[in-house]
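Each remark here refers to the structure printed beneath this line.
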Amino acid sequence: MKIVYTDVLVIGGGLAGLRLGIGARRRGHDVVILSLVPPKRSHSAAAQGGMQASLANMIKGQGDNEDLHFEDTVRGSDWGADQEVARMFVNTAPKAVRELAAWGVPWSRVRKGDREVIINGQKVTITERDEAHGLVAQRDFGGTKKWRACYVSDGTGHAMLQAMSDQAIGDAIPVHERVEAIALIHDAARCYGAIVRDLVTGALIAYLAKATAIASGGAGRLYRVTTNAVICEGIGSALALETGVATLGNMEAIQFHPTGIFPAGILVTEGCRGDGGLLKDVDGHRFMPDYEPEKKELASRDVVSRRMETHIVKGKGVKSRFGDHLWLDITLLGEKHIRHNLREVNEICHYFLGIDPVKDWIPVRPAQHYTMGGVRTGYTGESSTLKGLFAAGEAACWDIHGFNRLGGNSVAETVVAGMIVGEFISDFCDNSENDVDIPTRVVHDFLRREQMAIDGLLEGRGTEDGSAIKARMQEIMTSKVGIFRTGAELESAVAELQDLLRRSRSIGLKCKARGANPELVTGYRTQKMLKVALCVAYGALTRTESRGAHFREDFARRDDARWLKRTLASWKSEKDTLPSLAYETLDVGKMELPPGWRGYGAKDYVDHPDTAKRLAEVQAIRQRMADASRFEVQQALMPYRHLLPERLRGRNERIDEPLRSEAEIAA
Amino acid sequence: MNDLTLKPDAAVQNGAVVKPVTVHRRTGNGNGLPRQLAISILRYNPQDAASVPHLQTYGIEEADGMTLFIALNEIREKQDASLQFDFVCRAGICGSCAMVVNGRPTLACRTLTKNLPAEITLAPLPFFELIGDLSVNTGKWMRGMSERVRGWLHLKDPNPDLSRIEERMDPDLAEKIYELDRCIECGCCVAACGTARMREDFVGAVALNRVARFRLDPRDRRTDADYYELIGDDDGIFGCMSLLGCHDVCPKDLPLGTQIAFLRRRMVRMGFR
């Protein structure tokens with residue numbers, strides 16, 4: 001049997017996996033990165049609009065800081081986020097942008113002086129400060145109080161991934177391309193690596209590592225209509241789930257992006273609306289202010305997507321032979337802005353729709369976009385239940401997004417989690433207690449098990465069609481586990497997904513090739529995807545409230561009294577057709593920002609019994625410390641700095657917040 | 001066919017008022033029926049000793065808004081499960097799906113069939129290692145290319161202070177660098193390159209564009225002398241015959257012609273030093 005040994009095995013070559021790998025490599029550990037595709041083709045490249053980090057360089061970002069980024073993130077999450085981890089995240093995000101600036105990302109820069117922008121449909125002249133000239137620029141995004149999304153035109157993820165992948169090449173980190181992890185090797189207490197299939201030759205290889213990190217991205221392809229790349233099938237989450245030990249958190253929290261182009265579902269960035277684009281209906285009427293007078297087009301994505309679907313139900317959609325859609329109007333931004341700052345949007349409109357967004361409106365409708373849930377980890381990125389297994393990025397439930405992620409927080413999370421988890425995974429490997437001691441018999445058993453499963457598909461007598469089962473799953477998820485959910489529909493979805501899972505155990509193949517065989521890949525992935533889909537649907541059925549992107553028409557209110565908790569799904573036995581669900585309570589008594597109204601969306605919710613008490617405590621601390629710095633107040637409300645790796649604890653300098661002394665940086 | 005009863009287009013039939021975007025004109029035989037496409041694919045599986053290169057033709061009914069991504073997946077699902085091809089983003093941004101479409105290297109995912117004749121021939125990109133059918137190993141080649149031209153930013157300060165305000169950069173320069181950074185390493189430029197056909201070690205426009213990009217970047221500590229060491233020979237900048245096939249086919253419209261010309265002048269200057 002072929003075995004590859006390394007210190008850190010990273011599953012996934014996108015931004016999170018690469019940054020994590022670079023971190024571990026620079027701490028002196030051997031790293032191997034596995035990737036389905038050449039890493040620069042990872043779905044990270046599809047992030048268009050921006051990366052949230054409170055640099056406060058723009059005049060419309062003046063006054064921004066970690067506190068505001070934290071509050072926006074927690075409100076966006078509808079209080080589902082882990083607030084300590086959210087704090088770690090917002091403190092590291094500016095460092096991540098600055099690191100990438102040093103590594104070569106051509107961030108769009110501030111130009112001093114007057115310029116015309118579109119705000120709330122009106123042309124406004126704003127003046128950028130002289131002292132900000134040449135610093136990293138920010139644009140407006142949904143659900144934020146300040147202009148905070150750092151960007152590279154509208155190819156932000158692409159440019160970040162270029163620089164990140166280049167640095168990994170510079171560090172001589174091996175990336176094994178066109179291979180796929182198909183099982184984790186573990187003994188129910190400790191993870192030892194993965195069984196990996198070479199997608200060209202079909203050979204199975206065991207990769208053994210002290211630490212294994214899942215950074216394989218989201219699960220958008222559980223849905224028929226999604227912005228996600230075809231490789232985003234949630235397989236990394238499935239691998240963790242199939243250990244029976246690791247858990248998946250909040251899988252029912254699925255985000256729908258308001259502006260997928262219709263009907264293909266390809267993303268056009270939130271930056272379109274951030275830069276002043278408007279949503280319009282069949283009458284050409286700008287409808288969002290009717291629903292969201294405060295944030296309008298720039299409420300959080302879950303809210304905007306729901307308002308759009310509601311508006312379509314009211315008959316205000318534009319009819320087409322593929323169904324109804326709405327319009328995104330960016331014509332008011334002008335040709336220069338569109339050709340320079342929204343060039344990918346421009347290209348997508350040209351090639352896929354045959355329209356010119358300078359003159360034409362873009363047909364859009366919400367499409368699945370992001371998986372808030374994933375492998376549940378603690379703040380170090382290590383699985384809470386399976387030692388030696390880590391996760392980062394969209395594949396993880398770390399958990400800064402709770403039930404709704406803010407635009408621009410995803411690429412920010414990939415790099416920030418890569419930086420932070422890269423340090424913790426290195427600490428883990430440095431500790432001699434974590435050296436791997438694994439009998440080859442265990443490895444052999446896993447290899448044999450996986451080879452038998454593949455042989456079963458290739459040579460068995462199964463008659464089910466894998467791609468038909470997968471298509472049916474995607475249809476069920478899109479039609480019954482979508483933006484608006486009801487108990488009855490979810491029940492029928494769960495029942496039918498269970499049936500599909502049973503049938504998927506009898507998939508047969510027409511193509512018997514042992515090497516490259518797309519039908520075989522579809523077969524075994526579909527079996528895995530169905531388990532993840534069941535975690536989403538069953539989690540959604542069980543959660544009888546509405547929170548963030550999870551909206552139940554039959555339980556329309558957020559219910560903190562009963563549901564201020566994180567869903568944990570595990571898959572106990574291969575014979576099961578449902579995940580086992582457990583819940584992890586979020587402690588209101590420790591929250592820096594106790595639950596309340598988000599500032600957009602529904603205003604009625606059921607309070608947690610402890611919320612009033614915690615609110616009073618927070619107010620008392622704020623009053624008592626009225627003269628203290630914001631750092632001291634924050635520390636009194638919810639200490640978190642000790643959780644960060646030491647090198648990332650420092651403050652972040654801004655034009656209006658200069659760093660004064662070495663001692664202050666160290667603090 | 002001789003059925004001359006012209007059926008009005010479905011969108012008109014519905015009487016719906018639509019903006020031009022939703023009117024997907026049939027470009028077929030004028031009778032309103034979907035076109036029948038004949039897609040011929042150059043097939044060969046090097047993993048299979050019995051396989052020989054051959055063209056195989058699949059018939060498929062055209063649908064509204066059909067791209068080659070949609071067409072190829074439909075063929076694989078309904079007609080031939082063994083067909084190999086690569087798609088990732090299906091939105092024209094990742095560079096996975098470059099192939100030769102009716103003789104021209106391009107991105108298949110954003111190629112609408114309505115812009116093609118009813119007979120379509122698809123072949124894998126030449127020059128790159130063939131994995132099977134339409135799938136080629138651009139990733140391996142691109143990594144080798146990056147290693148060869150040391151295609152990563154060589155930081156002036158390897159340990160920047162991340163707590164401090166970032167270094168400034170002129171906004172126009174940042175945009176110029178991004179312009180070159182938009183390369184998606186799809187391989188079209190190399191597949192269309194006359195020099196690459198003759199010199200298998202030619203670095204290709206993609207590599208020269210990388211060098212031009214780092215050369216432009218004040219954060220990179222390298223000088224023209226360093227770049228000359230990397231590309232100052234006939235497998236590098238001096239191998240280019242200026243046929244500019246690269247420039248013609250680049251799906252991202254990168255200014256490859258001007259970048260190569262400019263780089264050559266700079267490198268000639270270095271060579272005469």
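The values are calculated or read from the model by the stated rules, or taken from the named source; none is laboratory data. Note that the structure is predicted; figures quoted are calculated from it, not measured. We place every Cβ from the backbone using ideal geometry, glycine too, and count neighbours over all the protein chains shown. Side chains included, ligands, DNA and RNA excluded: accessible areas come from the protein's heavy atoms. Shrake-Rupley method; radii C 1.70, N 1.55, O 1.52, S 1.80 Å.
Residues whose amide H falls under 5 Å from that of residue A:364, counting only those 5 or more places apart or on a different chain, are A:262, A:326, A:327, A:328, with hydrogens built in the peptide plane. Taken per residue, the accessible surface of the stretch A:493-602 reaches 35 Å², heavy atoms only and a 1.4 Å probe. Taking every protein chain into account, the 1.4 Å probe leaves residue A:605 with about 60 Å² of accessible area, to the nearest ten.
Between A and B, roughly 6700 Å² of accessible area is buried in total, ligands, DNA and RNA not counted and the probe set to 1.4 Å. Residue-normalised convex hull volume from the C-alpha trace of the stretch A:225-358: 140 Å³ per residue.
A crude spin-label estimate for the pair residue A:544 and residue A:319, with each label 7 Å from Cα along the Cβ direction, gives 4.0 nm.
Peptide A:565-572 has a mean shielding of 0, counted as Cβ atoms of other protein chains within 10 Å of each residue's Cβ.
Across the stretch A:375-381, computed HN-Hα scalar couplings (Karplus, 6.51 cos²θ - 1.76 cosθ + 1.60, θ = phi - 60°) run 4, 6, 10, x, 5, 7, x Hz from first to last residue, x flagging Gly and Pro. For chain A, the relative contact order comes to 19 percent (Cα pairs under 8 Å, sequence separation of at least 6).
Test of understanding: what is the full-extension gain from residue B:129 to residue B:38, defined as 0.36 nm times their sequence separation minus their Cα-Cα distance? Walk me through the numbers before you get to the answer.
Working: separation 91, 0.36 × 91 = 32.76 nm, distance 2.67 nm.
Full extension from residue B:129 to residue B:38 adds 30.1 nm.
For chain A, the pair-distance distribution built from all alpha carbon pairs, in bins 20 Å wide starting at 0, is 19, 55, 25, 1 percent.
Spin-label pair residue B:233-residue B:221: with each label point 7 Å from Cα along the Cα-Cβ axis, the two points sit 2.6 nm from one another.
Ordered by packing density, taken as the mean number of other Cβ atoms within 10 Å over each peptide's residues, highest first, how do A:590-596, A:151-157, B:172-178 rank?
Details: A:590-596: 20.1, A:151-157: 27.7, B:172-178: 18.4.
Averaged packing, sorted descending, gives the order A:151-157, A:590-596, B:172-178.
Listed by chain and number, the lysines placed with their C-alpha closer than 17 angstrom to that of residue A:603 are A:295, A:296; residues fewer than eight positions away on the same chain are left out. At a Förster distance of 56 Å, what's the computed FRET efficiency of residue B:61 paired with residue A:4, Cβ-Cβ distance as r, to 0.05? Efficiency computed from Cβ-Cβ geometry: 0.75. Once the cut-off is 13 Å, how many percent of the Cα-Cα pairs in the stretch A:107-151 end up in the long-distance tail? Roughly 61 percent, once rounded to a whole number.
Keeping all protein chains in place, calculate the accessible area per residue for the stretch A:81-146 (probe 1.4 angstrom), answer in Å². Could you put the intermediate results ahead of the total?
Details: 2000 Å² over 66 residues.
That works out to 30 Å² per residue.
Let me know the whole percent of all Cα-Cα pairs from chain B that are separated by more than 22 Å. So the pairs more than 22 Å apart make up 64 percent of the total in chain B. Counting only DSSP beta bridges with both residues in chain A, the antiparallel share comes to about 70 percent. What residues in the stretch A:76-101 lose 50 Å² or more of accessible surface when the other protein chains are added to their chain alone (1.4 Å probe)? Going by heavy-atom accessible area, the residues of the stretch A:76-101 that drop by at least 50 Å² are A:98. Sorting A:38-46, A:23-31, A:238-246 by their mean Cβ neighbour count within 10 Å, with the most densely packed peptide first, gives A:38-46, A:238-246, A:23-31. Mind running the shape call on the stretch A:340-441? Use the C-alpha gyration tensor, a ≥ b ≥ c as the square roots of the eigenvalues: rounded below 1.5 for a/c, prolate if a/b tops b/c, oblate otherwise. It comes out prolate by the Cα gyration axes. Its alpha carbons considered, the stretch A:570-667 gives a radius of gyration followed by a Dmax of 19.9, 62 Å.
Return the average number of partner chain Cβ atoms within 10 angstrom of each residue Cβ along peptide A:647-658. Intermediate results must be reported in sequence, preceding the final value.
Details: counts 1, 2, 1, 4, 1, 4, 6, 1, 1, 0, 1, 2.
Mean shielding by partner chains, rounded to a whole number: 2.
Checking the a/c ratio against 1.5 first, then a/b against b/c, what shape does the Cα gyration tensor give for the stretch A:1-141? Judged from the Cα gyration tensor, the stretch A:1-141 comes out prolate (a/c at least 1.5, a/b above b/c). Accessible area of residue B:186 (1.4 Å probe, protein heavy atoms only, ligands and nucleic acids ignored): about 10 Å².
For the stretch A:40-105, what is the relative contact order in percent, using Cα pairs closer than 8 Å and at least 6 residues apart in sequence? Please list the in-between numbers first.
On the way: 35 pairs, mean separation 20.6, N = 66.
The value is 31 percent.
One chain, two ends: residue A:636 and residue A:475. Fully extended at 0.36 nm per residue, the span grows by 53.0 nm beyond their Cα-Cα distance.
Converting the Cα gyration tensor eigenvalues of the stretch A:194-235 into ellipsoid dimensions via √(5λ) gives semi-axes, longest first, of 25, 15, 6 Å. Distance from the C-alpha centroid of the stretch A:100-160 to that of the stretch A:450-492: 43 Å, rounded to the whole angstrom.
Given axes a ≥ b ≥ c from the Cα gyration tensor, I'd like to know whether the stretch B:182-259 is rounded (a/c under 1.5), prolate (a/b larger than b/c) or oblate.
Working: a/c = 2.23, a/b = 1.29, b/c = 1.74.
Oblate, since a/c reaches 1.5 and b/c is not below a/b.
Seen from every direction in turn and averaged, the convex hull around the alpha carbons of the stretch B:91-174 projects onto 9.5 nm².
If each DSSP helix of 4+ residues adds -39,500 (n - 2.57) and the sum is divided by the residues in chain A, what number results at 222 nm, nearest 500 deg cm²/dmol? Before the final figure, lay out each step's value.
Numbers: 19 runs with 229 residues, N = 667.
Result for chain A, helices only: -10500 deg cm²/dmol.
What FRET efficiency comes out for residue B:102 versus residue A:145 if R0 is 60 angstrom and r is the Cβ-Cβ distance? Round to the nearest 0.05.
Values: r = 52 Å, r/R0 = 0.87.
After rounding to 0.05, the efficiency reads 0.70.
Computed extension gain for residue A:26 through residue A:335, at 0.36 nm per residue and net of the alpha carbon distance, reaches 106.8 nm. Spacing of the modelled spin labels on residue B:157 and residue B:170, each 7 Å from Cα toward Cβ, amounts to 2.2 nm.
So for the stretch A:509-594, what percent of the C-alpha to C-alpha distances run longer than 19 Å? Provide the component values of the computation, followed by the final result.
Numbers: 2061 of 3655 pairs.
Summing the P(r) tail past 19 Å for the stretch A:509-594 gives 56 percent.
Of the solvent-accessible surface of the protein assembly as shown, computed with a 1.4 Å probe and all protein chains present, 50% belongs to carbon and sulfur.
Which whole-number percent gives the relative contact order of chain B, counting Cα pairs below 8 Å spaced six or more residues apart? Working shown, then result.
Working: 404 pairs, mean separation 41.0, N = 273.
With pairs under 8 Å counted, the relative contact order is 15 percent.
Can you give the charge dipole size of the stretch A:96-138 about its Cα centre, rounded to the nearest 20 debye, using +1 on the beta carbon of Lys and Arg and -1 on the beta carbon of Asp and Glu? Can you show the working numbers first?
Numbers: 7 positive and 6 negative charges, 15 e Å.
Result for the stretch A:96-138 is approximately 80 debye, rounded to the nearest 20.
Bridgeable lysines around residue A:319 (alpha carbons under 20 Å apart, same-chain partners fewer than 8 residues away excluded): A:280, B:19. Restricting the calculation to Cα atoms, every distinct pair contributes to the Kirkwood radius of the stretch A:432-588, found to be 17.9 Å. When you count the other C-beta atoms within 10 angstrom of each residue and take the mean per peptide, A:575-586, A:90-101 line up highest first as A:90-101, A:575-586. Inter-chain Cβ neighbour count for A:151-162, averaged per residue, equals 4 (cutoff 10 Å, partner chain atoms only). Could you let me know the centre-to-centre spacing of the stretch A:604-618 and the stretch B:110-171, using Cα atoms, in angstrom? Result: 51 Å between the Cα centres. Separation of the stretch A:495-523 from the stretch A:352-423 is 28 Å, based on Cα centroids.
Given R₀ = 25 Å, FRET efficiency for residue B:52-residue B:200 by Cβ-Cβ distance, to 0.05? The calculated FRET efficiency here is 0.60.
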